[in-house]
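Data block below; observations after.
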Amino acid sequence: MEIEIISFGKISEFISNQKITIDCGTTDELKTHLENIFPQLAGMKYKLALNKNLVQQNSEIKNSDSIAIMPPFSGG
Amino acid sequence: MEIEIISFGKISEFISNQKITIDCGTTDELKTHLENIFPQLAGMKYKLALNKNLVQQNSEIKNSDSIAIMPPFSGG
Amino acid sequence: MSEKKIKNIFVDGPVSPEFIAKSIANHNIKTEIGGHSIFMGQVRKDEIDGKIVSAIDYTAFEDLALNKIHEIREEIFDKYPLSCMHIHHSLGTIKAGEICLFVFTSSKHRKPAIEACNELVERIKSELPIWGKEIFADASHQWKENI
Amino acid sequence: MSEKKIKNIFVDGPVSPEFIAKSIANHNIKTEIGGHSIFMGQVRKDEIDGKIVSAIDYTAFEDLALNKIHEIREEIFDKYPLSCMHIHHSLGTIKAGEICLFVFTSSKHRKPAIEACNELVERIKSELPIWGKEIFADASHQWKENI
């Protein structure tokens, strides 16, 4: 299936917004996959959002979902 | 000896600024004296200042000293 | 940044929003500051026994108050790493809705500014010889009590 | 005073002292208010490894941030008896000395305004998907980290 990847902050410097095709069906599986294809991500703290909701536990991904990859927040 | 009395807030409504002649030599004695001549003071919380310094313990009064009589503060 | 000279904190009448804006704007050259904390006291249109407060008339024992706030200022500067501290209290008649107290602290990181501001407000209310007379719409009055 | 519609908190560029003054002035008709608490974040000209920060460039995941701050807003209104709550965060390039965050709470008595303001600032910094890129005078950069 195809999902959309958007990235923010420091992570946007090495992962650009793009569509990718994946086999995996959960956010935990996606993390492993992302860390394989973007090795810089492996050493970093980051959170995912699935369709604009912060991922707080392993969640199922469906075709056409949007996944945001976010480094630690630094507003204010 | 003669001292100057100044008063503030609620207390200024029944004790006007004035000079009074007293025999007593300490602020504790003065309090008793003031409560005798101004009975309304007896039931109230108030603090004294001697020559613009808050009286925190019994202090000696000298001729021409200035005594401020102050009800609880309500600034802000 | 302890200051030796006694600063006046009293202003005649309300503290205006324009005055506060100017005070804030003055800090944009102080580029070591990361956080500002402000407290403002505003006169409330309280209802007391069926009567409406229309204003508070503030008086102070000014000499004593200025000595005391000087002492407090030094203590707060010693206790917290502050860049700036500004305190303004109104005297005279302040109408409901107007600002009668403006406390403004600034520091590199936010916490000292926030804590110093809170502590200043508490100390101003409990330690400064200032009195508020609540004026009702019918021109009667009662003396305010801080709780 | 819980609000149902999602309010925008983002402003392009710095929060100006005039905007803050106007925001304060708007409250003089709210005569049930007795205390206002304000926090302002200002961009610091930090020196990092010998390089000077000249600005911070803020970006956000706006949809997620606005949903989250809406949730926070409701929780804070439920927790404290507030009359008003205003939150503004800058996006884009904010120069050193300029204000990038403005949080403003008001209540009848001072404590709820003060506590709500502090709690909002902490939650904004830790829970909103906003990122600051520190731009150095030589045009290089590093990503800000909140401590």
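Report whether or not D:F61 is aromatic (F, W, Y) and closer than 20 Å to D:K108 by Cβ. Before you say what the answer is, go through the steps one by one.
Working: aromatic (F, W, Y): yes; closer than 20 Å to D:K108 by Cβ: no.
So D:F61 does not fit the description; no.
Suppose we filter C:I69, C:I76 for residues that are without any contact (Cβ under 8 Å) to a residue 60 or more places away in the chain, touching a Leu at 6+ places or on another chain (Cβ under 7 Å), more than 7 Å from every other protein chain (Cβ to nearest Cβ) and in a helix (DSSP H, G or I); which single one remains?
Being without any contact (Cβ under 8 Å) to a residue 60 or more places away in the chain, touching a Leu at 6+ places or on another chain (Cβ under 7 Å), more than 7 Å from every other protein chain (Cβ to nearest Cβ) and in a helix (DSSP H, G or I) holds for just one of C:I69, C:I76, which is C:I76.
Step by step: first the residues of region C:96-143, then only those that are crowded, with 19+ Cβ neighbours inside 10 Å and among the hydroxyl-bearing types (S, T, Y), then the one that is farthest from B:G9 (Cα to Cα). Which residue is that?
Here the residue is C:S107.
Going by the conditions given, is C:I33 modelled with pLDDT of 95 or more, within 30 Å of C:K111 (Cβ to Cβ), aliphatic (A, V, I, L, M) and under 15 Å from the mean Cα position of the chain (by Cα)?
Details: modelled with pLDDT of 95 or more: yes; within 30 Å of C:K111 (Cβ to Cβ): yes; aliphatic (A, V, I, L, M): yes; under 15 Å from the mean Cα position of the chain (by Cα): no.
No, not satisfied.
What do you reckon, is D:I69 buried (at least 19 other Cβ atoms within 10 Å of the Cβ) and under 22 Å from C:R110 (Cα atoms)?
Numbers: buried (at least 19 other Cβ atoms within 10 Å of the Cβ): yes; under 22 Å from C:R110 (Cα atoms): yes.
Taking the combined requirement at face value, the residue satisfies it.
Looking only at region D:21-43, which residues are in contact (Cβ under 8 Å) with a residue 60 or more places away in the chain and closer than 27 Å to D:E145 by Cβ?
If the condition is that a residue be in contact (Cβ under 8 Å) with a residue 60 or more places away in the chain and closer than 27 Å to D:E145 by Cβ, then D:S37, D:I38, D:F39, D:M40, D:G41 are the ones that fit.
From the list A:I67, A:I61, which one is farther than 25 Å from D:K125 by Cα, crowded, with 18+ Cβ neighbours inside 10 Å and among the aliphatic types (A, V, I, L, M)?
On the way: A:I67 fails: farther than 25 Å from D:K125 by Cα.
From the options A:I67, A:I61, the qualifying one is A:I61.
Considering only region A:1-48, how many residues are of a type in the set (D, E, K, R), within 14 Å of chain D (Cβ to nearest Cβ) and over 11 Å from the mean Cα position of the chain (by Cα)?
Initially, region A:1-48 is screened for residues of a type in the set (D, E, K, R), giving A:2, A:4, A:10, A:13, A:19, A:23, A:28-29, A:31, A:35, A:45, A:47.
Imposing the further condition that a residue be within 14 Å of chain D (Cβ to nearest Cβ) reduces the set to A:4, A:10, A:13, A:45, A:47.
So of that shortlist, the ones also over 11 Å from the mean Cα position of the chain (by Cα) come out as A:10, A:13, A:45.
Adding up the residues that qualify gives 3.
Need pairs with beta-carbon distance below 7 Å; first residue without any contact (Cβ under 8 Å) to a residue 12 or more places away in the chain and within region B:39-67, second in a helix (DSSP H, G or I) and surrounded by 11 or more Cβ atoms within 10 Å (Cβ to Cβ); sequence gap 6+ or separate chains.
Close Cβ pairs satisfying both conditions: B:A42/B:E35; B:L54/C:L64.
Find the residue count for region D:115-147, including only residues that are more than 10 Å from chain A (Cβ to nearest Cβ) and free of Cβ contacts under 8 Å to residues at least 40 places away in the same chain.
Counting residues in region D:115-147 that are more than 10 Å from chain A (Cβ to nearest Cβ) and free of Cβ contacts under 8 Å to residues at least 40 places away in the same chain gives 2.
How about region A:46-76: which of its residues are among the charged types (D, E, K, R) and more than 19 Å from A:N17 (Cα to Cα)? If you could, list the steps in order and put the result at the bottom.
As a first pass, look at region A:46-76 and keep what is among the charged types (D, E, K, R): A:47, A:52, A:60, A:62, A:65.
Once the filter is applied, which keeps residues that are among the charged types (D, E, K, R) and more than 19 Å from A:N17 (Cα to Cα), region A:46-76 yields only A:E60.
The values are calculated or read from the model by the stated rules, or taken from the named source; none is laboratory data. Because the structure is predicted, anything quoted here is derived from the model rather than measured. Virtual Cβ from ideal backbone geometry, glycine too; neighbours counted across all protein chains shown.
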